[in-house]
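A short write-up of the structure that comes next.
The values are calculated or read from the model by the stated rules, or taken from the named source; none is laboratory data. Every value quoted in this text rests on a predicted model; they were computed, and no experiment measured them. For neighbour counting, all protein chains shown are included, and Cβ atoms are generated from backbone atoms with ideal geometry for every residue, glycine included. Remember, those area values only see protein heavy atoms, side chains included, never the ligands or the DNA or RNA. Shrake-Rupley method; radii C 1.70, N 1.55, O 1.52, S 1.80 Å.
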Amino acid sequence: MNYEIKQVDKFKFIEEGEGEPLILLHGLFGALGNFNSLIDYFRHHYKVVVPMLPLLDLDLLHTSVGGLQKYVHRFIEYRDYKNVHLLGNSLGGHVGILYVLKHPERIKSLILTGSSGLFENGMGDTYPKRGDYEYIKKKAEVTFYDPKTATKEIVDEVYETVNNRLKAIKVIALAKSAIRNNLGEELNQIKQPTLLIWGNNDAVTPPFVAREFQKLIPNSELHFIDKCGHAPMMEVPDEFNRILHKFLTKLNEPAAVA
């Protein structure tokens, strides 16, 4: 299902449903389509919000994890969302962690899936080979357990991005910023309940990264999904939604009186 993209002031976003906000942050080559099944499912229970992150629209100086975090902060303030469940995939998870560390007062829970922030094998390791469609296709396929998930549409979008010189420079700037911006020392400051959902076959942020996140974030729980790569919400949406729904429902249950 295609959802209407609203534009208010300088922000573009999808907003569907009512209730507590569930804000979804996409990754470096992520698109709003990555979250279709999440929106379909959770709009019946929450206000699902997907801001379009200006990954390639910020000036070069602010093309960084920190620059994206500031953008998300302006967006959340502008829309005055409170009691937010903040979910991020890949680079979006990294931006989400940074946001929670800087502005914990608006966040009720944090959900990370294939998040950078500790370690990742990204596009940032080599300059993307412009013009080499097969190379880009292989890079896109590595994201998933089943290479067929990297549809022609996904590969074409990545190919178009890295073949535009300025966009390619910005992609590298973001990837390098993510590698430099290691949050290992700060994760113990996160007080919000945190859910980690990880693909057991994630080649970009492998399973040991998820275990490290769980070790470093105090109030966190970790779920692995088999036969699944770097984007569980796309590859195994039903299982992903089930784990997330259970976590959110438990958060909203009144604590049992001892």
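Could you work out which residue, out of Gly19, Gly92, Gly30, moves most in a Gaussian network model of the chain, that is, has the largest mean-square fluctuation with Cα springs under 10 Å? Comparing Gly19, Gly92, Gly30 in a Gaussian network model of the chain, the most mobile one is Gly19.
Counting only other residues whose beta carbon sits under 13 Å from that of Asn219, what net charge do I get with K and R as +1, D and E as -1?
Spelling it out: positives minus negatives among the neighbours equals +3.
Relative contact order, whole percent, for the chain stands at 19, derived from Cα pairs under 8 Å and 6 or more residues apart.
What FRET efficiency do you get for Gln7 and Lys152 if R0 is 30 Å and r is their Cβ-Cβ distance, rounded to the nearest 0.05? Here the calculated transfer efficiency is 0.60. Under the convention that each Lys and Arg Cβ holds +1 and each Asp and Glu Cβ holds -1, the size of the dipole of the range 154-258 around its Cα centre is about 360 debye. Taking Arg43, Arg211 and ordering them by how much accessible surface each has at a 1.4 Å probe, largest first, produces Arg211, Arg43. Within the chain, helices built from complete DSSP H runs that reach 20 Å or longer along their own axis (Cα positions) and carry a mean Kyte-Doolittle hydropathy of -1.0 or higher are 65-79, 165-180, 237-252. Of all aspartates and glutamates in the structure, those lying under 13 Å Cα to Cα from Lys215, and not within fewer than 8 positions of it along the same chain, are Glu185, Glu186.
Normalised by residue number, the volume inside the convex hull of the Cα atoms of the range 146-254 is 127 Å³ per residue.
In this simple spin-label model, placing a label point 7 Å from the Cα along the Cα-to-Cβ direction at both Asn164 and His45 gives a separation of 3.6 nm. Going by accessible surface with a 1.4 Å probe and the largest first, Asp40, Asp80 read Asp80, Asp40. In this structure Glu4 has an accessible area near 120 Å², from a 1.4 Å probe over the protein heavy atoms. For Tyr159, the solvent-accessible surface computed with a 1.4 Å probe is close to 70 Å², ligands and nucleic acids excluded. For the chain, the Cβ-based charge dipole about the Cα centre amounts to some 500 debye (Lys, Arg positive; Asp, Glu negative; other atoms uncharged).
Over the range 1-146, one equal point on each Cα, no solvent: what is log10 I(q)/I(0) by the Debye formula at q = 0.14, 0.16, 0.19, 0.22 Å⁻¹? With one equal scatterer per Cα and no solvent, log10 I(q)/I(0) is -0.69, -0.90, -1.22, -1.53. Taking His26, His85, His45 as the candidate residues, the one with maximal mean-square fluctuation in a Gaussian network model of the chain, Cα springs under 10 Å, is His45. Ignoring lysines fewer than eight residues from Lys102 along the same chain, the ones with Cα atoms less than 16 angstrom from its Cα are Lys70, Lys82, Lys191. Going by a ≥ b ≥ c, the root eigenvalues of the Cα gyration tensor, does the range 199-257 fall in the rounded group (a/c under 1.5), the prolate group (a/b larger than b/c) or the oblate group? Oblate. Charges were assigned to the Cβ only: +1 to each Lys and Arg, -1 to each Asp and Glu. The resulting dipole of the range 55-100 about its Cα centre is roughly 140 debye. When both the range 8-82 and the range 198-258 are represented by their alpha-carbon centers, they are found 20 Å apart. Using only protein heavy atoms and a 1.4 Å probe, report how much of Thr113 is accessible, in Å² to the nearest 10. Accessible area of Thr113: about 0 Å².
Note on the chain: with a GNM built from Cα contacts shorter than 10 Å, the maximum mean-square fluctuation among Tyr81, Tyr71, Tyr135 falls on Tyr135.
Given their separation in residues at 0.36 nm each and the Cα-Cα distance between them, Leu251 and Tyr133 gain 38.0 nm when the chain is fully extended. For the chain, the antiparallel share of DSSP beta bridges with both residues in that region comes to about 25%. The order of Glu20, Glu253, Glu153 by accessible area, most exposed first and with a 1.4 Å probe, is Glu153, Glu253, Glu20.
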